[in-house]
Amino acid sequence: MRKIYALIILLLCTATIMTAQETPKIELFGGYSFAHVNLGEGRANVNGWNASVAYNLNKWAGIVVDGSGFYRSDQATQPLTVIFVCPLDPTTCPPSFTLGGSTLHQKLHTYSIGPQFSYRTNSRFTPFVHAFFGGGYASDTIHFTGGHRTDANGSHVVTLGGGFDVRLTSLLALRTQVDFLQTRIFHDPHEGGRISTGMVFRFGKK
């Protein structure tokens, strides 16, 4: 019976140690992000990146600095070819020429900070939720023949969401997260969202 009790105590201690080892001091995340956001010239689906640095205060809570960037290019106007018609004497017609079209390039960058709460166990899966508060900066640039025009505006950004990590090794995990984004780009209130996935690099132990 004493051996059984000793074995149970050993298992509990081992589980406690393993659980503690699952709490890194710093987590560095980076990866691909897809979002539906307002970029000034209307709302659009955009691609980009999402990165964050988390400092874990303990097993459950941490402070995160989060940043993201999204980019989009589109043909604003098509090229126009001008052809002159001279029915009386075609040889006197000036040559045709093409007016170049314009291209719209849009960018959105966000930067936020806030708490993140994780549910850590011995499982490979670690779910988490977070709330970030910060700002963003959007720009719309139209390139046309002979020049370009840029409109830019800053905004507050509120990010609420969560996701989960899948531990691959003690130093590496795969993350997927879904976030709700609230912005006011160009004075237009907008509620959008983003989905991010990438790798988490884990450093130190708490």
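The values are calculated or read from the model by the stated rules, or taken from the named source; none is laboratory data. Computed from a predicted structure; not experimentally measured. Heads up, the Cβs are rebuilt from the backbone with ideal geometry, glycines too, and the neighbour counts pull from every protein chain shown.
In a strand (DSSP E or B) and either in contact with a strand residue (DSSP E or B) (Cβ under 8 Å, 6 or more places away or on another chain) or at pLDDT 80 or above (or both): is that true of residue 169 in this structure? Break it down into steps so the answer makes sense when it comes.
Values: in a strand (DSSP E or B): no; either in contact with a strand residue (DSSP E or B) (Cβ under 8 Å, 6 or more places away or on another chain) or at pLDDT 80 or above (or both): yes.
Judged against the criteria, residue 169 is not a match.
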Within the stretch 18-39, identify whether any single residue is more than 30 Å from the chain's Cα centre (by Cα) and at pLDDT below 60, and answer yes or no.
yes
Just checking, does the stretch 49-64 include any residue being within 34 Å of the chain's Cα centre (by Cα), modelled with pLDDT of 95 or more and of a type in the set (D, E, K, R)?
no
How many of the residues in the stretch 165-181 are more than 13 Å from the chain's Cα centre (by Cα) and either surrounded by fewer than 16 Cβ atoms within 10 Å (Cβ to Cβ) or more than 19 Å from residue 49 (Cα to Cα) (or both)?
8
For the stretch 176-203, which residues satisfy the criterion of being more than 20 Å from residue 58 (Cα to Cα) and either in contact with a Pro (Cβ under 7 Å, 6 or more places away or on another chain) or of a type in the set (D, E, K, R) (or both)?
179, 184, 188, 191, 194
Name the one entry in 110, 103, 126 that is in contact with a Gly (Cβ under 6 Å, 6 or more places away or on another chain), modelled with pLDDT of 65 or more and not in a loop (DSSP other than H, G, I, E, B).
110
